[in-house]
Amino acid sequence: MSCMSQASDKTTAMWVLRRLRSAGFEALFAGGCVRDMLMARPCSDYDIATSATPQDVRKLFPHVLLVGAQFGVAMVIRNRRKVEVATFRSDLSYSDGRRPDGVKFSTAREDALRRDFTINGMFYDPVARQVIDYVGGRDDLRAGVIRTIGRPQERFSEDYLRLIRAVRFAVRLDFKMEEQTAAAIRKFAPKISAVSGERIFEELSKMLALPSAADAMAMLRETGLAEHVLPELFSMAPVASGAGETAGAWAAAAGRLALTARRRDAILNFAAMLCGLDARTIGRIVRRWGASNDIKDALIWIAENRGRWQTAADEPLCEFKRLLADENFGRLRAIWAAEEKTRTGRGAKARLIARRIAAIPQDEIAPPPLITGADLIEMGLTEGPRLGKILRRLYDAQLNGEISTRRQATERAKSLIEAK
Ligand code: ATP
Ligand code: MG
């Protein structure tokens with residue numbers, strides 16, 4: 001979930017690179033942007049690798065964030081663009097599953113060798129217009145192959161997050177997994193549990209923003225990673241299945257995802273995966289991932305309202321409008337459509353729901369209340385649950401179109417107060 005205004009553009013990256021070079025340092029484009037350029041794909045982040053240390057970088061540029069100085073990473077900011085500038089380094093081990101225990105500043109060549117896959121391990125010199133490839137990345141890019149740099153067993157053991165990254169790149173680029181790389185992934189799959197939830201969440205977020213997100217989940221399953229990344233979708237007893245639903249929570253999740261993925265909305269796609277689980281379980285997963293409360297609330301709200309695709313078209317107007325007013329309604333609707341489609345093979349309810357939505361003017365979805373709590377207190381009520389209840393019933397009446405003026409609201413309030 002990257003923020004466009006902060007992405008680095010090529011012009012800014014070139015400016016940073018030239019300035020490093022005129023100060024006497026080596027500087028190259030590195031990693032993902034080289035891969036993307038060679039594939040003629042759009043690239044959002046131009047990362048620079050350099051012989052300059054973060055301290056050198058800080059002296060050279062007016063705006064620098066030392067985001068990971070101990071790992072050799074500095075962020076240069078110019079005109080609200082940020083460029084990651086990383087010192088050539090070799091990583092020491094990742095014993096906590098979060099970050100390397102330390103780094104050793106080194107050469108471009110060693111910096112290439114510490115990277116994960118050959119296609120991610122190239123540099124580009126934009127001045128000489130030359131690719132610098134110590135790892136055979138160009139050949140693998142041409143052949144469409146994901147291959148670890150060095151022996152797969154070693155490289156995955158250093159950092160098991162690479163297991164998921166391999167899947168992500170294979171799916172995103174539609175590449176094949178090199179045989180030994182694939183075998184090592186299957187072998188080490190259970191080890192993904194050792195990686196921090198935050199890092200897993202970041203990879204999953206990127207995967208689920210792909211139009212091919214469903215393929216990514218399928219490959220997580222085939223490689224044996226899925227059951228360790230989302231054990232909650234495997235531990236449950238198979239649900240009594242409706243028509244079209246094969247047994248098991250994972251299969252149901254994958255089925256929904258296949259129908260929502262092309263929207264490239266990671267949160268919607270997380271919802272497609274998790275909405276069959278109860279709120280507590282979702283809360284626990286989100287906490288493990290270190291994701292925000294907003295995401296947790298969205299996922300739980302969608303899960304709790306998932307089943308209403310069957311009734312929404314016939315529910316009281318006030319209830320329907322409350323759903324509509326939620327910022328996640330668009331996502332819920334996509335989940336409803338997926339649920340209906342996988343269970344019935346059609347979209348009859350979805351059409352009724354669409355018709356009902358179309359009949360509601362935008363300004364009648366969540367209008368300002370005709371009458372407030374302060375009004376009720378003036379009418380003699382005291383604050384408390386009864387007041388809240390009456391207020392809700394008044395607003396229901398308003399949403400239902402039973403009352404539409406302040407006078408009507410006041411009258412209705414009086415009769416509600418008298419009714420006890
Ligand atoms: P994306 O477009 O998805 O951001 P990317 O290649 O830029 O793809 P990043 O996660 O941003 O991927 O990482 C940037 C580069 O850093 C990678 O291309 C790779 O060279 C290196 N890298 C990232 N994570 C790892 C890792 N866990 N182990 C080894 N090298 C890594
Ligand atoms: Mg990147």
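What the table below lists for this structure:
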quantity: Every residue from region 139-161 that is within 14 Å of ligand 1 (Cβ to nearest atom), over 18 Å from the mean Cα position of the chain (by Cα) and open to solvent by less than 20 Å² (accessible area, probe 1.4 Å); calculated: Asp140, Ile146, Thr148, Ile149, Pro152, Arg155, Phe156, Asp159
quantity: Of all residues making up region 39-65, the number that are open to solvent by 60 Å² or more (accessible area, probe 1.4 Å) and either assigned to a strand (DSSP E or B) or more than 12 Å from ligand 1 (Cβ to nearest atom) (or both); calculated: 7
quantity: Any pair with Cβ under 6 angstrom, 6 or more apart, that starts in region 345-368 at a residue that is in the same structural domain as Arg308 (by TED's automatic domain parsing) and ends at one that is surrounded by 14 or more Cβ atoms within 10 Å (Cβ to Cβ) and among the aromatic types (Phe, Trp, Tyr); calculated: Lys349/Trp309
quantity: Test for Ala216: is it crowded, with 16+ Cβ neighbours inside 10 Å, of a type outside the set (Asp, Glu) and within 16 Å of ligand 2 (Cβ to nearest atom); calculated: no
quantity: Ser95 out of contact with any Gly (no Cβ under 9 Å at 6 or more places or on another chain), away from ligand 1 (no atom under 12 Å from the Cβ), of a type outside the set (Lys, Arg) and open to solvent by 40 Å² or more (accessible area, probe 1.4 Å); calculated: yes
quantity: Helices (runs of 4 or more DSSP H) wholly inside region 194-274 that include at least 2 residues being modelled with pLDDT of 95 or more, within 30 Å of Ser44 (Cα to Cα) and within 19 Å of the chain's Cα centre (by Cα); calculated: 197-208, 213-222, 226-229, 249-260, 266-274
quantity: Condition met for Cys43 (touching a residue at least 60 places away in the same chain (Cβ under 8 Å) and within 14 Å of ligand 2 (Cβ to nearest atom)); calculated: no
quantity: Complete set of residues in region 60-104 that are at pLDDT below 95 and of a type in the set (Phe, Trp, Tyr); calculated: Phe71, Tyr94
quantity: Residue within region 149-163 that is more than 16 Å from ligand 2 (Cβ to nearest atom), in a strand (DSSP E or B) and either out of contact with any Asp or Glu (no Cβ under 9 Å at 6 or more places or on another chain) or in the same structural domain as Tyr46 (by TED's automatic domain parsing) (or both) present; calculated: no
quantity: Which numbered condition Asn293 fails, given (1) under 16 Å from the mean Cα position of the chain (by Cα); (2) surrounded by 14 or more Cβ atoms within 10 Å (Cβ to Cβ); calculated: (2)
quantity: Identity of the residue in region 22-37, within 14 Å of Val83 (Cβ to Cβ) and open to solvent by 10 Å² or more (accessible area, probe 1.4 Å), that ends up nearest to ligand 1 (Cβ to nearest atom); calculated: Gly32
quantity: Qualifying residues in region 162-192 (those that are touching a strand residue (DSSP E or B) at 6+ places or on another chain (Cβ under 8 Å), closer than 15 Å to Leu225 by Cα and among the basic types (Lys, Arg)) - the one surrounded by the fewest Cβ atoms within 10 Å (Cβ to Cβ); calculated: Arg165
quantity: Enumerated helices (runs of 4 or more DSSP H) restricted to region 329-420, each holding at least 2 residues that are open to solvent by 90 Å² or more (accessible area, probe 1.4 Å) and among the charged types (D, E, K, R); calculated: 329-344, 348-358, 385-399, 406-418
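The values are calculated or read from the model by the stated rules, or taken from the named source; none is laboratory data. These numbers come from a predicted model, not from an experiment. Cβ coordinates were reconstructed from backbone atoms using ideal geometry, including for glycine residues, and neighbour counts include every protein chain displayed. Ligands, DNA and RNA are excluded from the accessible area calculation, which covers all protein heavy atoms including side chains. Shrake-Rupley method; radii C 1.70, N 1.55, O 1.52, S 1.80 Å.
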